[in-house]
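To start, the structure under review is shown below, and the notes come after it.
Read-outs: derived from the displayed coordinates by stated rules, not from any lab. All values derive from a computational prediction rather than experimental measurement. Note that we place each Cβ from the backbone using ideal geometry, even for glycine, and neighbour counts take in every protein chain shown.
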Protein chains: 2
Amino acid sequence: MLLLAVLEAGPAHGYEVIAALRGRSAGEFDLPEGTVYPALHRLETDGELTSSWSIEAGRRRRTYRLTAAGHTVLAAQRSEWGRFSHAVRSVLAVSA
Amino acid sequence: MLLLAVLEAGPAHGYEVIAALRGRSAGEFDLPEGTVYPALHRLETDGELTSSWSIEAGRRRRTYRLTAAGHTVLAAQRSEWGRFSHAVRSVLAVSA
DNA sequence: CGCTATACCTAGCATTGCGAGGTATGAGGC
DNA sequence: GCCTCATACCTCGCAATGCTAGGTATAGCG
């Protein structure tokens with residue numbers, strides 16, 4: 001969900017996604033490459049992202065872009081997150 | 001964290017924990033036994049809970065209780081959840 | 001006497017986060 | 001010229017864990 005949310009703002013390549021996530025979360029989500037790259041691959045396999053290779057200043061880059069399905073999934077996950085976090089708040093709040 | 005939060009309100013046995021979690025979360029967290037029982041065992045192994053057997057109306061029950069360590073861990077997780085959910089909110093909110 | 005609810009359990013599959021290790025280029029310092 | 005660091009990608013494999021499936025046993029109700 002977080003990866004999709006980052007890519008909602010516009011296409012980006014893996015390293016940018018990691019940096020954007022770190023920036024947007026004020027450092028809270030500083031995910032290692034071993035987490036993010038496989039996750040991006042899974043999302044592409046599932047049809048939520050597409051990727052295209054390019055060469056920028058000699059370095060190869062793989063740019064990811066949200067698909068229509070990705071937008072739909074993200075919307076669903078956003079509302080799911082709302083329900084989920086609200087439920088957690090309820091459970092945490094009602095204490096002795 | 002959710003299990004610890006439920007047990008913060010007072011000792012309870014496994015089935016009660018499941019029911020309490022379902023109730024407090026308005027049905028959102030309806031966890032199967034295969035999730036909850038092993039999790040309670042892990043928490044006990046880790047020293048966050050203690051358990052004691054009893055026989056109530058012919059049925060054997062294992063009652064779980066928060067330890068001092070459990071309270072400490074729960075407090076830490078509560079604030080961790082605060083940081084975490086805030087960060088998620090930030091990432092989800094800053095969209096295109 | 002059988003069904004349902006209560007109440008516990010474990011084995012094993014599928015998923016996933018991430019540490020570790022690998023490849024290659026560009027830029028900056030000495 | 002060379003070394004180091006940042007950029008930029010990748011995969012292997014361990015460890016953790018959620019849950020399905022299956023099992024045991026008792027109480028209560030019709």
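With helices as the sole contributors, chain B gives -19000 deg cm²/dmol at 222 nm; each DSSP H run of n ≥ 4 counts as -39500 (n - 2.57), and the sum is divided by every residue. Each copy carries A:H41; placing its label point 7 Å along the C-beta direction from Cα gives inter-copy distances of 3.3 nm, listed from smallest up.
Across the identical copies, the 7 Å label point of A:R60, projected outward along Cα→Cβ, sits 6.0 nm from its counterparts, in ascending order.
In chain B, the beta carbon lying closest to the axis that superposes B onto A belongs to the residue given here with its whole-angstrom distance, B:S85, 3. Its Cα centre serving as origin, segment A:5-96 has a Cβ charge dipole (Lys and Arg +1, Asp and Glu -1) of approximately 80 debye. Shown for A:P11: label points 7 Å from Cα along the beta-carbon vector, and their distances to the equivalent points in the other copies, 6.3 nm in ascending order.
Working from label points 7 Å from Cα in the Cα-to-Cβ sense, the B:R83 to B:Y37 distance is 3.6 nm. In order along segment B:62-67, the Karplus-derived 3J(HN,Hα) couplings, from 6.51 cos²θ - 1.76 cosθ + 1.60 at θ = phi - 60°, round to 10, 9, 9, 9, 5, 8 Hz, and Gly and Pro are given as x.
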